[in-house]
1. Kindly indicate whether any position in segment A:455-465 is within 9 Å of chain B (Cβ to nearest Cβ), in contact with a strand residue (DSSP E or B) (Cβ under 8 Å, 6 or more places away or on another chain), open to solvent by less than 10 Å² (accessible area, probe 1.4 Å) and not hydroxyl-bearing (Ser, Thr, Tyr).
2. With of a type in the set (S, T, N, Q) and at positive phi as the only criterion, which of B:Asn437, B:Asn402 stands out?
3. Assuming A:Gly132 fulfils every condition listed in (1) in contact with a strand residue (DSSP E or B) (Cβ under 7 Å, 6 or more places away or on another chain); (2) without any contact (Cβ under 8 Å) to a residue 24 or more places away in the chain apart from one, which condition is it?
4. Hey, could you check segment B:482-494 for residues that are open to solvent by 20 Å² or more (accessible area, probe 1.4 Å) and part of a loop (DSSP other than H, G, I, E, B) and say which is farthest from the other protein chains (Cβ to nearest Cβ)?
5. Quick one: in segment A:215-241, which of the residues that are of a type in the set (Val, Ile, Thr) and in contact with a helix residue (DSSP H, G or I) (Cβ under 9 Å, 6 or more places away or on another chain) is nearest to the other protein chains (Cβ to nearest Cβ)?
6. Just to verify a result, which residue in segment A:467-481, among those that are touching a Gly at 6+ places or on another chain (Cβ under 9 Å) and within 8 Å of chain B (Cβ to nearest Cβ), is surrounded by the fewest Cβ atoms within 10 Å (Cβ to Cβ)?
7. Test B:Gly416 against the criterion of being at positive phi and either in contact (Cβ under 8 Å) with a residue 40 or more places away in the chain or in the same structural domain as B:Asp101 (by TED's automatic domain parsing) (or both), and give yes or no.
8. Six or more apart or on different chains, Cβ under 8 Å: which pairs go from a residue in segment A:1-18 that's in contact (Cβ under 8 Å) with a residue 60 or more places away in the chain and assigned to a loop (DSSP other than H, G, I, E, B) to one that's crowded, with 16+ Cβ neighbours inside 10 Å and among the acidic types (Asp, Glu)? Could you list them?
2 protein chains.
Amino acid sequence: MAAAPVWSVDPRTGKQREQVAVEATAQEVDAAVRAAHEARGALVDRTVRAAFLRTAADELQAAKGGLVETADAETALGPVRLTGELARTCYQLRAFADIVDEGAFLDVVINHPDDTATPPIPDLRRYKVSLGVVAVYSASNFPFAFSVAGGDTASALAAGCPVVVKSHPDHPALSEYVAKVLRRAAARHDIPEGVVGLVHGFEAGVELIKHPLVAAAGFTGSVRGGRALFDAAAARPVPIPFHGELGSLNPVVVTEAAAAERAEAIGAGLAGSMTLGVGQFCVKPGLVLAPAGAAGDALLKSLTDAVSDTDAGVLLDHRMRDNFVAGVAERAGLPDVDSPVTPGAGGEHTVSAGFLAVPASRLAAEGEHDLLLEECFGPVTVVARYEDETEVKAVLSRLPGNLTATVQLSEEEAAGQGRGAEILAELTPLAGRVLVNGWPTGVAVAPAQHHGGPYPATTSTSTSVGGTAIERWMRPVAYQNAPSALLPAELRDENPLGLPRRFNGRLER
Amino acid sequence: MAAAPVWSVDPRTGKQREQVAVEATAQEVDAAVRAAHEARGALVDRTVRAAFLRTAADELQAAKGGLVETADAETALGPVRLTGELARTCYQLRAFADIVDEGAFLDVVINHPDDTATPPIPDLRRYKVSLGVVAVYSASNFPFAFSVAGGDTASALAAGCPVVVKSHPDHPALSEYVAKVLRRAAARHDIPEGVVGLVHGFEAGVELIKHPLVAAAGFTGSVRGGRALFDAAAARPVPIPFHGELGSLNPVVVTEAAAAERAEAIGAGLAGSMTLGVGQFCVKPGLVLAPAGAAGDALLKSLTDAVSDTDAGVLLDHRMRDNFVAGVAERAGLPDVDSPVTPGAGGEHTVSAGFLAVPASRLAAEGEHDLLLEECFGPVTVVARYEDETEVKAVLSRLPGNLTATVQLSEEEAAGQGRGAEILAELTPLAGRVLVNGWPTGVAVAPAQHHGGPYPATTSTSTSVGGTAIERWMRPVAYQNAPSALLPAELRDENPLGLPRRFNGRLER
């Protein structure tokens, strides 16, 4: 059987650009995983890891022109957005290098013997070690930041774990390009090329998750694809952690007072957020609870004006375009659903942004309108008009887990008068990030970031963005009564590496 | 259909002592979970949580006489061991109260806005919140420390999570007794009784893991039972974290030099560890790599003498006794396997300790001897005699994951001469705790403890003993641009609660 070709496709025309590779066979996946496994030793030294990450950032930046051009040709995301995304990706690699240098992520805890404890405590010293080879499943919508050199790869390498990346079919040429740059950076530090493996093909992705030497996986994509891989990871003879980011509706609650105070700004802000990147963000606000009545009407008018002004855009691929067109049509066809600005097919290769409106009461109990509580990828949102707080609570109680939840408050509410704190507490169980008077698109790379949330937002309690993402690829180990001469430097009393740690109960920083 | 009775059984006679309860129906499981869910609010205040944990410890200690008597009648573990285990359990509850007070487990991270970052960082504040109701599956072999008031319950309550405990059929009367004491402690702090639910019955345990309001589970038990529940947890429409401790061989490597130096002490120490508690510890050393030749012979002689001197003992139930008798017979019947002290049936209700010896070469490649690499619950261990380092490495490479791995080194090796550090590094991938010149039985409750390990030792990367066990029941949430007036006190700049935190990059303690 001939190997299946992997084509780079131009979404602006639907035409094949070039054949980039062939899909990996099971043998090729095995070879990639084994090469990654062999590269583990080269990542043990944290100084080398940090230097590798910084060189990777430098090399990616140096290749900016070619990378952005290739990415744009495959994704139609445009050079401005892609240049920004590449800068973010490089920033992220350097941020993880800093985290490696600091060493707090090793979670060093040391206990000297204590005979007063019940039972007595022997000499115990704990820190975290790398899990092993990490499988990384690239996202369609972030060809840089959630793909070959993205957050999963950066955090895994920072943790000392080689990666084998399953490329996304929407940008195979860029994937090859980025992998080449990363391997060049690795070579500068005498790290074997195998430290960043790359495979193409759906079946290759399935083989990858089943490979006995794969120790954990990171995934960004759809609920359907992510759940299938999660299930495969859990069904292995030796199950492995599967950190998947699958889908999110990202609800927004607009209070009556907020709508009364700044309907126009909220409508315009919402339009900007939901159409950003042609609505192809995992944190796109997909459901907005806005009040019925005049203030809500004003909000809808502002939203209508702003969305109507939005240019048609190209989605990442034609399958997504078909799904979007069918998805919005099905939703718009439900009883009591209006389309103030009709979303759908634009030109032959584009889509138009739009939004739907529905009485919140329609979403308060199980029924055909539950379709509106499912993510629809692309430039569309659903505005649910509520009569009172009870309806808001009823709708919120029916939502699956989310990456984000947002509330728009009035100035007084934000200052602590009214239900602001209460609403924040109501949104907290729904999401991993809760925003006040902002919009969820734009995910900062920061120590305090949490990009995750109750299922299906993520399949674990972890984050895929921010410093703590490194925790996903490590496990603790404790040494009992190991003589100092045999201990890793990280665990010695004298703390030769100057690590933050918990020493006999005290936090030392 | 009549409800199935739950009997308390005396393992010393195999006779039923009393009917304790009936197995919970699906409706009763549902009621227990809902009651626990309703109790969440009462655990939000950390001061109340800590006080509750301390009162629980006080109340358990006050009930010591009755508790130990009941436990001994059901488990035959003896009053000395059980009194110690109860003390450990109370110590553990108090240790988690201290952890709650300190607040480091909330992992507070605060970032003020930073426009120099790429992309710019908004105001972001992250900490951890409780997951919700935790299902706890009790262990047979630790009626106090890994059961109703054990580590899973203590850490879950400390995390703010109510629990529903599935009792172990080996000690249902004690389970009811302990639950009653915990509920009395809860009542003292106006916490609803439902905060500690208790259900009996295999089917009830299956219902419990499937319940939509159960947010996570802790389990200590067999590979078979744990894997079935893990699979059920993963197969839910909304999968949940399942922290299971399933099984472990706990390998021990004795170097040639160590055997030459102190064969007798090692033999005696091993005998003590493998027969402790009638060999019913999850950290029982189940495979010992000892050198061939004279030094190894001396070790075996010492082991033979010590094990021969061990009294017959009563296992936790008759099914375990049957499994032990059949398991050791099957192992002893393999080619090239000797039984220097034959383990097996003792009296009508007891078992005799023993051990098997086999050339390590028999374990170096796949074959019928793989049975020796499976845990056999009870007072038996397997001594594999090796000719050289290559055989040691070959056997280690074939082991599944373990809770512990131990090395016995000579004085010189422990001081850094020879292969000590290298062996430590070889054992680290195999286990969650690595010991030098000690024995794995005895698991201290300490911040630096890690009681977990690669699968099947545990189904996650977490620990079930020690301070970090609390992490299992929490998830992070980040607030973006939330005004100070609306923020939880834990996340305010002025740090009114004095929490350790990471503030604009700096670690504050």
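1. no
2. Numbers: B:Asn402 fails: at positive phi.
Sole residue among the options that is of a type in the set (S, T, N, Q) and at positive phi: B:Asn437.
3. Among (1) in contact with a strand residue (DSSP E or B) (Cβ under 7 Å, 6 or more places away or on another chain); (2) without any contact (Cβ under 8 Å) to a residue 24 or more places away in the chain, A:Gly132 violates only (2).
4. Here is the first cut: in segment B:482-494, the ones open to solvent by 20 Å² or more (accessible area, probe 1.4 Å) are B:483-485, B:488-490, B:492-494.
Retained after the next criterion (residues that are part of a loop (DSSP other than H, G, I, E, B)): B:483, B:488, B:492-494.
Details: B:Pro483: 5, B:Pro488: 8, B:Arg492: 12, B:Asp493: 13, B:Glu494: 15 Å.
Going through the qualifying residues, I end up with B:Glu494.
5. The first filter runs over segment A:215-241 and keeps only residues of a type in the set (Val, Ile, Thr), leaving A:220, A:223, A:238, A:240.
Now drop any that are not in contact with a helix residue (DSSP H, G or I) (Cβ under 9 Å, 6 or more places away or on another chain), which leaves A:220, A:240.
Details: A:Thr220: 17, A:Ile240: 8 Å.
Ranking the qualifying residues of segment A:215-241, first place goes to A:Ile240.
6. Of all residues in segment A:467-481, those touching a Gly at 6+ places or on another chain (Cβ under 9 Å) come to A:469, A:472-478, A:480-481.
Next, from what is left, pick out any that are within 8 Å of chain B (Cβ to nearest Cβ): A:474-478, A:480-481.
Working: A:Met474: 23, A:Arg475: 24, A:Pro476: 25, A:Val477: 25, A:Ala478: 28, A:Gln480: 27, A:Asn481: 16.
Per the stated criteria, the residue is A:Asn481.
7. Numbers: at positive phi: yes; either in contact (Cβ under 8 Å) with a residue 40 or more places away in the chain or in the same structural domain as B:Asp101 (by TED's automatic domain parsing) (or both): no.
Considered against the rule, which asks whether it is at positive phi and either in contact (Cβ under 8 Å) with a residue 40 or more places away in the chain or in the same structural domain as B:Asp101 (by TED's automatic domain parsing) (or both), B:Gly416 comes out as no.
8. Listed by first residue and then by second, the contacts come to A:Ala4/A:Glu23; A:Pro11/A:Glu74; A:Pro11/A:Asp170; A:Pro11/A:Asp317.
The values are calculated or read from the model by the stated rules, or taken from the named source; none is laboratory data. A quick note: this is a predicted structure, and the numbers were derived from the prediction, not measured. All Cβ positions, even for glycine, are placed from backbone atoms using ideal geometry, and neighbour counts span all protein chains on display. Areas reflect the complete protein model, heavy atoms only, side chains present, ligands, DNA and RNA absent. Shrake-Rupley method; radii C 1.70, N 1.55, O 1.52, S 1.80 Å.
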